[in-house]
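Here's the structure we're looking at; comments come further down.
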Amino acid sequence: MGLVEILSDHTLQTVAIGAAILGAVSGVLGAFAVLRQQSLMGDALSHAALPGICLGFLWAGSRDLGAILGGALAAGALAALTVMAMTRLTRLKTDAALGSVLSFYFALGIVLLTLIQRQAGAGQAGLEAFLFGQAAAILREDLQVMGVLALASLGAVALLWKEFKLVTFDPVFARTLGLPVVALEAVLTVMVAVAVVIGLQMVGVVLMAAMIVAPAVAARQWVTRLGPMVVISAAIGMGAGVTGALISAMGRGLATGPLVVLAASAAVLVSILLAPGRGVIWDWMKRRAERRALGGQRVLTAIHALAAEHGDPEYPAEQSMLDVYFGGGTAAALDRLEARGAVRRAAHFRTEGVHWVLTPQGQAEAEDILAGGEGDRP
Amino acid sequence: MFFRPRAEVQGRLHEPGLALHVEDLTVSYHARPVLWDIDLDVPPGVMAAIVGPNGAGKSTLIKAVLELVPKTAGHVRVFGAPYARARKRVAYVPQRSSVDWDFPTTALDVVMMGRYGHLGWLRRPGRETRAQAMAALGQVGMAAYADRQISQLSGGQQQRVFLARALVQEADLYLLDEPMAGVDATTERAIVKLLQGLRDRGRTVVVVHHDLQTVRRYYDWMVILNVRVIAQGPVAEVHTAENLRRAYGGQIALIDAAPEAPAGAGTM
């Protein structure tokens, strides 16, 4: 298929729009979840949706999407409340509570799923599509449901922006201002459950957690403020959604959901490596520059000390002696110092080998370092 | 608008002449009393230190006043009213370690959060809030760092941001939990000067303080705490070797023997 045909394909349009909606909502809500250090909450909520899906199916007696998503939302909310109750009423830490809730609900879901399949005949119910998602099964009408849910949750975030921000940054202070912190946290968590429900058909319960966490983690790398983080997170989520849908449509019959998650993960990888200020490579380069600067400073002050000892500011220091003194090669550091005019090569009247003399600039720098001025280090 | 009067709270004022009045307060964690039968009065317009050894319940006392920890017994009045109704007259500076400083936000943003209570629901902070926050940052000497991401601030600078956030609350009673813990000497001097300025303008300042050496210099009122109240009153009367010995027990030797050494007691 050519690109134009792909883009005008009805099914693809539906899938791409759905994936974009999912990406935007999970990106926005994921940002709050990640900052509240509740990345795993998405995992627990999505796994918890499975028994809800099954109960919704049993209740409706058919594969009625409204009943199934309603069940998923109810089960997710119930799981979230279970986690909150466990951490508040027992001495369990959040990770332990999330872990136990996640596995309990998921196991329950698998048991129900097996029962349903046996009852209806294998594959007839088609519920296993919710495990890994089945984007092609999404209908135009489903987009309306997803869109309404998305608008509702994004609208809530816009209206309660400053309250959510404060509760996420400093819940204790928020309480002293009289904010209903527990209620606001509950709303944030329930909205993550909404995002999960939106994504169930697309990526399924197993991979849905990635859609909550990945865009937010990637966005965090590039920003210093919450507003831009939420916007970028939503953009990465949408981008991953549309990318996954496009790659899936280009053929080979690859499933959309996992491709969407892979695209989001690629964004995480790139962000973790490359983001200025926080990225691994940036960090590595900064540390290397610092190490080099420090090495240069040490060599510079050593030559300065030798010059002072000999009472001659133009004293030529022998490179091999500096090597011995520092227990290693100083050639690279000396070359860098020479390049910026702090030292120059000099011949010695008696001995062979390379010798180095401080330039006036180098002398000034060395004295500055020795006087305790650490240059532009904070 | 965050202000929600509670039905069970009595309407009448009780001890309205006191900035802070604590009566029969007991707080316990898992059946172990952290604060036992605390009676406490802080008159308005003083700068008071709460001192005591580790585990004396100093932070818990402030948190109990702010209803951040449940009381087992007792009640609190702020300018005569229950805390829930006097909320807007109280500003709180938590310990610096209580938040994640890697949060994506700027110093100015954090200070503006101090106005959220006055703004109420749905209203966004506007130009006026911004100006107030900038003024407060200026007061703590941090105006140049307004747009700095908070993770890039030093500990002392972070503490000053917290202080500025309390300043914009325009409260009458300031409760500070170890504002001078782990800050450099310059910051400590700046904080003390600022708090004394608040007191001189008639505000009441209550500080959990860990350095016994500086209590006399910084404060005019003092509460010595060790689960119970050991002594309270003007520093000149309360800051005695006998009272400190009763609170700190064996650790008092450090204070008596080496007045110049940093206080070994109560670093938490």
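Every number here is computed from the coordinates shown, using simple stated rules; none is lab data. None of the values given here were measured: they were computed from a predicted structure. Positions of Cβ are backbone-derived with ideal geometry, glycine not excepted, and every protein chain shown enters the neighbour counts.
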Isotropically averaged projected area of the stretch A:47-159, using the convex hull of Cα atoms (one quarter of hull area), nm²:
8.5 nm²
Can you compute 3J(HN,Hα) from phi for each residue in the stretch A:226-233, using the Karplus curve 6.51 cos²θ - 1.76 cosθ + 1.60 with θ = phi - 60°, rounded to whole Hz and x for Gly and Pro?
5, x, x, 4, 5, 5, 5, 4
How high is the relative contact order of chain A, in percent, with contacts defined as C-alpha pairs under 8 Å that are six or more residues apart?
21 percent
Neighbouring Cβ atoms within 10 Å as the yardstick, rank A:Trp356, B:Trp121, B:Trp101 fewest first.
B:Trp121, B:Trp101, A:Trp356
Straight-line reach from B:Lys71: which aspartates and glutamates have a Cα under 12 Å away, not including same-chain ones fewer than 8 places off?
B:Glu23, B:Asp24, B:Asp37
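When Lys and Arg each count +1 and Asp and Glu each count -1, what net charge do the other residues less than 12 Å away from B:Val69, Cβ to Cβ, add up to?
Counting the neighbours of B:Val69, the net charge comes to +2.
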Sequence-distant or interchain residues sharing an amide H contact under 5 Å with B:Leu20, placed H: which?
B:Val42, B:Phe79
Ranked on Cβ counts within 10 Å of their own Cβ, fewest leading, A:Thr301, A:Thr330 go A:Thr301, A:Thr330
Which shape class applies to the stretch A:184-264: rounded if a/c is under 1.5, otherwise prolate when a/b exceeds b/c and oblate if not, where a ≥ b ≥ c are the square roots of the Cα gyration tensor eigenvalues?
oblate
Scattering profile of the stretch A:282-370 from the Debye formula, Cα beads only, expressed as log10 I(q)/I(0) at q = 0.19, 0.20, 0.26 Å⁻¹, is -0.82, -0.90, -1.45
Can you give the charge dipole size of the protein assembly as shown about its Cα centre, rounded to the nearest 20 debye, using +1 on the beta carbon of Lys and Arg and -1 on the beta carbon of Asp and Glu?
1360 debye
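With a sphere of radius 10 Å drawn around the Cβ of B:Ser154, what net charge do the other residues whose Cβ falls strictly inside it have (Lys, Arg +1; Asp, Glu -1)? Don't skip to the answer; put the middle values down first.
Numbers: positive: B:Arg160; negative: B:Asp184.
That sum, taken over residues with Cβ under 10 Å, equals 0.
Could you work out the mean count of beta carbons from other protein chains within 10 Å of each residue's beta carbon in A:158-170?
Partner-chain Cβ atoms within 10 Å, mean over residues of A:158-170: 4.
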Evaluated at q = 0.05, 0.07, 0.10 Å⁻¹: base-10 log I(q)/I(0), Debye formula over Cα of the protein assembly as shown
-0.35, -0.65, -1.02
Shape call for the stretch A:3-276 from the C-alpha gyration tensor, a ≥ b ≥ c root eigenvalues: rounded (a/c under 1.5), prolate (a/b greater than b/c) or oblate?
oblate
Counting residues in the stretch A:202-346 as N, plug N into 2.2 N^0.38 Å and put the Cα Rg over that result.
1.79
Quick one: what Rg and Dmax do you get for chain B from the alpha carbons, in Å?
18.5, 58
How would you rank A:Leu151, A:Leu226, going from fewest to most other Cβ atoms within 10 Å of each one's own Cβ?
A:Leu151, A:Leu226
Treat the stretch A:1-112 as a sphere of radius equal to its Kirkwood radius over Cα pairs and apply Stokes-Einstein at 37 °C in a medium of 0.692 mPa s; give the translational diffusion coefficient in µm²/s, rounded to a whole number.
208 µm²/s
Can you order the peptides A:164-173, B:128-137 by their average number of other Cβ atoms within 10 Å per residue, highest first?
A:164-173, B:128-137
With N residues in the stretch B:113-163, Rg(alpha-carbon) / (2.2 N^0.38 Å) equals 1.20
May I ask you to derive the relative contact order of the stretch B:20-252, considering only C-alpha pairs under 8 Å and at least 6 residues apart, and to give it as an integer percent?
28 percent
So A:Ala137 and A:Leu115, fully extended at 0.36 nm per residue minus their Cα-Cα distance, gain in nm 5.6 nm
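Hey, got the average number of other protein chain Cβ atoms within 10 angstrom for residues in A:174-183?
On the way: counts 4, 6, 15, 15, 11, 4, 2, 0, 0, 0.
The per-residue average across the peptide is 6.
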Considering the convex hull of the alpha carbon atoms of the stretch A:161-227, report its projected area averaged over all viewing directions, in nm², one decimal.
5.3 nm²
Name the shape class, rounded, prolate or oblate, that the alpha-carbon gyration tensor gives for the stretch B:95-197, where a ≥ b ≥ c are the square roots of its eigenvalues, rounded holds for a/c under 1.5, and otherwise prolate holds if a/b is larger than b/c and oblate otherwise.
prolate
Residues of B:118-126, mean number of Cβ from any other protein chain within 10 Å of their own Cβ, rounded to a whole number?
2
Given H placed on each backbone N at 1.01 Å, which residues far from B:Gly233 in sequence or on other chains put an amide H within less than 5 Å of it?
B:Met222
